[in-house]
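As structure tokens, the structure follows; a few thoughts come after it.
The values are calculated or read from the model by the stated rules, or taken from the named source; none is laboratory data. Since we're looking at a predicted model, the values are computed, not measured. Glycine gets a Cβ as well: all are built from the backbone with ideal geometry, and neighbour counts include every protein chain shown. SASA here: full protein model, heavy atoms, side chains in, ligands and nucleic acids out. Shrake-Rupley method; radii C 1.70, N 1.55, O 1.52, S 1.80 Å.
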Amino acid sequence: MSCQHTVDVGAYLFGSLDLKERAAFERHLGTCDCCQAEMLRLAPLPGLLGRLTLEDVENLDEIPASPPAPKHDQRRVLIACAAVLVLLALVGGGFLLRQTPSRDTAAPSSSSQPPTPTWAAKDAASGVNGEVSMVSKTWGTEMWFKLGEVRPGARCKVIVFDRQGQREVGGWWGSDHEPDERIPGSTSFKVDQIERMEVSDESGLLVTLRP
């Protein structure tokens, strides 16, 4: 079984959908098993690519200076493919993202998996309350956010800080979602390396989450 909207997952994770497109895709995501599976498969990319520097990509194959402009309906496919190619080039092809239902998507047993860490806070200045649950993965950390009192129509992002002072963008999303809807994010940092997370929108910091 497949879904034509799976090509939107890469664009969603990298923040290239406009607010109306993001809201429509988030509503679809809540009811589509195919897109949810694709979201989990591509989840590590934003955090890992957020750590790229110019030096990391200097040795990639030369790209034409003026490539033909893609059609609108090809844009999302190209974004997702480009992200995968850059990541594979960076690590020499040694890192392959793949979905393994018998491991990552299977329900963890209480005897083999540690409890899922959950951080929550409310910002006195913005009035926004937030919560994040974290799941350890071989590639880093899967994150699931819940936010309350965020103004409608905002474009939010989360920055993840580790204990060494490094930072990554852990996800982008629109604020037009149901109050109890969980918002996915990801980072290449392991759970025990994360010092804090800062959620913000165009107006500035909304809430800081930490242990």
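With every protein chain left in place and a probe of 1.4 Å, what is the accessible surface of Lys146, to the nearest 10 Å²?
Roll a 1.4 Å probe over it and Lys146 shows about 80 Å².
What is the sum of charges, Lys and Arg at +1 and Asp and Glu at -1, for the other residues whose Cβ falls under 15 Å from the Cβ of Gly30?
-4
Could you order Cys35, Cys3 by accessible surface area, starting with the largest, using a probe radius of 1.4 Å?
Cys3, Cys35
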